[in-house]
Each structure stands twice: as structure tokens, then as C-alpha cells.
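Accompanying notes for the structure given below.
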Amino acid sequence: MVYGSVQGVFFRDSLRRLAEQHGVSGWARNTSEGTVEAVFEGEAEAVERLVSFAHTGPSDARVEAVDVHEEEPEDLSGFDDQVEVAVAASRSSRRSARRSKRRLTAQNAISV
């Protein structure tokens, strides 16, 4: 979960573009609490680049805090920056693969 002034500043789109550039799969969504929640899955170094970016975000963002948790990879493909809440919930229940996965969220194990 990414806290601060992180909505309306192209945070999710920036994550998507960076994920595509580094071959990282996952999703990002705005929450009703004004935060951004995201899941990154891919090679460990590439995932870490996205987590590092989440600590600063795009130039207009003001990141106050980031919660990061490890999770079992789900073998995701592509990156969705328009994911709906119900889709995110169903995706978090699948497990597989041997890749790095990070979730930025306060709820589960690695997400941003």
C-alpha cells in the first residue's frame, strides 16, 4: 500500500509503464482510502526496481509511507492499472510459480 498524495498524479500509469519496461507482471489500483495498492511479480531485481520507485512515485506524488509484503507468485501475466476491487481479491487467492512477488498493501504479504 502506498500512502500520501498518490492519486490523480499518474502513479498507477507510471507503475504500469515501468513494469512493462522491466518485464514485471501484476496490477495497481486506487483504494477508497486514497492510497494505491499494487502487486508486482517477476524477476527479483526488476520487482525491486518497482518497489523502489513506489517509495518516491512520479514527480507530482508525495509518498508518505509504503507497506511491502512478500507473497507466493501467482504466475501473473501483463500489468493492469485499472483493476477492479473484485478482480484484485480473486487474484490474491491463486498461488504458483517460482518467481519473486511483492505486494504493496497493509493487508497481505508483499504488495505495494
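Tabulated results
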| quantity | calculated |
| --- | --- |
| Output for segment 32-58, where each listed residue is part of a loop (DSSP other than H, G, I, E, B), farther than 18 Å from Ser77 by Cα and in contact (Cβ under 8 Å) with a residue 40 or more places away in the chain | Gly57, Pro58 |
| So Glu74, is it touching a helix residue (DSSP H, G or I) at 6+ places or on another chain (Cβ under 9 Å), in a loop (DSSP other than H, G, I, E, B), without any contact (Cβ under 8 Å) to a residue 40 or more places away in the chain and not aliphatic (A, V, I, L, M) | yes |
| Tally, over segment 31-62, of residues that are under 16 Å from Gln7 (Cβ atoms) and either under 10 Å from the mean Cα position of the chain (by Cα) or crowded, with 18+ Cβ neighbours inside 10 Å (or both) | 7 |
| Those residues of segment 25-53 which are under 21 Å from Gln82 (Cβ atoms) and among the charged types (D, E, K, R), in sequence order | Arg29, Glu33, Glu37, Glu41 |
| Residue, surrounded by the fewest Cβ atoms within 10 Å (Cβ to Cβ), within segment 8-30, restricted to residues that are part of a helix (DSSP H, G or I) and in contact with a helix residue (DSSP H, G or I) (Cβ under 7 Å, 6 or more places away or on another chain) | His22 |
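We did not get these values from a lab; they are worked out from the coordinates using the rules stated. What you are looking at is a predicted structure, and each value in this text was computed from that prediction instead of being measured. Virtual Cβ from ideal backbone geometry, glycine too; neighbours counted across all protein chains shown.
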